[in-house]
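The values are calculated or read from the model by the stated rules, or taken from the named source; none is laboratory data. Being a predicted model, the structure only gives us computed values, none of them experimental. Glycine gets a Cβ as well: all are built from the backbone with ideal geometry, and neighbour counts include every protein chain shown.
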Amino acid sequence: MATVSFSSVHTPLQPSPPGTNYGQGSSTNVPCVNGTAGDNWKLMNSMIEAADKALGDVLVETGVAFKNRDGSYTYNKESNTVVVVMGDNGSYGPTARLPFNFYLAKAYVYQTGVWVPMMVTGAMVDQPGRTNEEMVSVVDLFQLFGDLADVDVRDCLDGRPVQIDSQDLLPYLTNANQPPIRNTTFTYTSENYRGTNFTNQACVIESLNACTTLFFSQLVCVDIYAGIWYGAGSNLSWVPEEGFTSCCDLNRAIYEGKAPATLTPYDVLPRSQVAVRSASYKLVNITTEDFDNTTQTCVNINSEEFYLINQDDPIPLLEDATGNSTLASTSPNLLTNHTLTPEETDILAALRWERDTMLSSALPCPGDVNLDGVVNAKDLAQMRVWMEKTNNGSTWWDLNLDGVTNEKDVVIIEDLIARVSVCPSLR
């Protein structure tokens, strides 16, 4: 299996290099920099065309496809190769287009942020050119690649207590009339791991009017996401020298009148988000840390939202802040007068059970960096390989999170191997 990753389409939005577009429609009269929504979309179109052309070049040069005189491509069945093309997340806010929600895009678990395209071609595909609307998940690719190689991925576990969430995907390719296989899909996001010597810094993404501490530098905040930097080194005179280390502290300063009077408290990107959806319903749970002006403290705000959704073409029913699809919500910003029917109550309970089951399946296992359910010599050997490759830099094997991978981490994992072997939480 080979993976080819394209950095396009991504910020910073910019015209594609000469010769990388088809020279048709959307790639003409492209502005030099992003600005208005129309300019953003033109730049996106140009970058999408360039990525599409680059993908075609890869397929031709590897013998997987033939390029026709009219510029189209034909799959080469003799190549014995399956090609999967997919996106990794929904569009960045300023590039999202109706009916998708500009404010619930990338970085959120709502449909605009996680509903992505996937295309598969190969000799086994029944009735090529069709569209399948059934739910699948990126984790299903693990089982697909195993099935293509005639390998049962679960047999590879050697009895280790690791849960595999991947489900069948191949039947959708070989049978155009395949009934639904998945009942639900699951999405989860939380804060990044941080080194013990790292200090969070606040950045506001202007297009979303939302604050986050996700970005590790002013460069990423300002140059990549066109944000306002409220961290250390900010060019705003009222920002303290050390910057704001949380969005809560930034909003506290605004509430207390330490910021210009024109500023109002920002929205805050969630600390963690969980979503479970079925074919027609979606449950979203969000935890956000923000300043509570009543108690004058930073508090975690937990909310639950229950939606009716669909994939209708051309206008799907998505999570709607106006409440048109909202069935129930504990969020103060998303209220509804809808009374759940007995059927909706049962569906909500089932989605909550699925959420809790998935979350409880991710059990802690310190030292098991290769995620095979065992802390053993393999983890230690891989640690040493990456210590050498990175010159003791930051890696997944930095077990004490001090920003380097060194003999201190070796001591930790050797102790774990001696005491733990199979993780107690997985026994």
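When segment 208-251 is filtered for residues that are within 15 Å of residue 264 (Cα to Cα) and either in contact with a Leu (Cβ under 7 Å, 6 or more places away or on another chain) or of a type in the set (S, T, N, Q) (or both), the ones remaining, listed by number, are 209, 210, 211, 230, 251. Taken over segment 220-266, residues that are part of a helix (DSSP H, G or I) and in contact with an Asp or Glu (Cβ under 9 Å, 6 or more places away or on another chain) amount to 3. Got at least one residue in segment 156-163 being within 29 Å of residue 58 (Cα to Cα), touching a residue at least 40 places away in the same chain (Cβ under 8 Å) and surrounded by fewer than 17 Cβ atoms within 10 Å (Cβ to Cβ)? No, there is no match, as no residue in segment 156-163 is within 29 Å of residue 58 (Cα to Cα), touching a residue at least 40 places away in the same chain (Cβ under 8 Å) and surrounded by fewer than 17 Cβ atoms within 10 Å (Cβ to Cβ).
State the number of residues belonging to segment 110-156 that are farther than 24 Å from residue 2 by Cβ, among the aliphatic types (A, V, I, L, M) and not in a loop (DSSP other than H, G, I, E, B). Selection size over segment 110-156: 1. Among the residues of segment 398-422, those that are β-branched (Val, Ile, Thr), over 15 Å from residue 193 (Cβ atoms) and outside any helix (DSSP H, G or I) comprise 420, 422. Residue under question is residue 173, and the condition is that it be under 18 Å from the mean Cα position of the chain (by Cα), surrounded by 15 or more Cβ atoms within 10 Å (Cβ to Cβ), not assigned by TED's automatic domain parsing to the domain that holds residue 354 and not acidic (Asp, Glu); does it hold? Against the criterion (under 18 Å from the mean Cα position of the chain (by Cα), surrounded by 15 or more Cβ atoms within 10 Å (Cβ to Cβ), not assigned by TED's automatic domain parsing to the domain that holds residue 354 and not acidic (Asp, Glu)), residue 173 does not qualify.
With respect to residue 42, is the statement that it is without any contact (Cβ under 8 Å) to a residue 24 or more places away in the chain and of a type outside the set (A, V, I, L, M) true? Against the criterion (without any contact (Cβ under 8 Å) to a residue 24 or more places away in the chain and of a type outside the set (A, V, I, L, M)), residue 42 qualifies.
Could you please find all residues in segment 64-84 being assigned to a strand (DSSP E or B) and in contact (Cβ under 8 Å) with a residue 60 or more places away in the chain? Across segment 64-84, the qualifying residue is only 84. For residue 209, the requirement of being of a type outside the set (Val, Ile, Thr) and over 30 Å from residue 37 (Cα atoms) is not met. For residue 224, indicate whether it is in contact with a Pro (Cβ under 9 Å, 6 or more places away or on another chain) and surrounded by fewer than 16 Cβ atoms within 10 Å (Cβ to Cβ). When the stated conditions are applied, residue 224 passes them. Remark: residue 395 falls outside the filter, which requires a residue to be over 24 Å from the mean Cα position of the chain (by Cα), farther than 30 Å from residue 101 by Cα and in a loop (DSSP other than H, G, I, E, B). Only one of the numbered conditions (1) free of Cβ contacts under 8 Å to residues at least 24 places away in the same chain; (2) in a strand (DSSP E or B) is violated by residue 211, and that is (1). Note on segment 291-322: among residues that are touching an Asp or Glu at 6+ places or on another chain (Cβ under 9 Å) and among the acidic types (Asp, Glu), the one that is surrounded by the most Cβ atoms within 10 Å (Cβ to Cβ) is 319.
Within segment 180-194, the set of residues being loosely packed, with under 14 Cβ neighbours inside 10 Å and more than 18 Å from residue 272 (Cβ to Cβ) comprises 180, 183.
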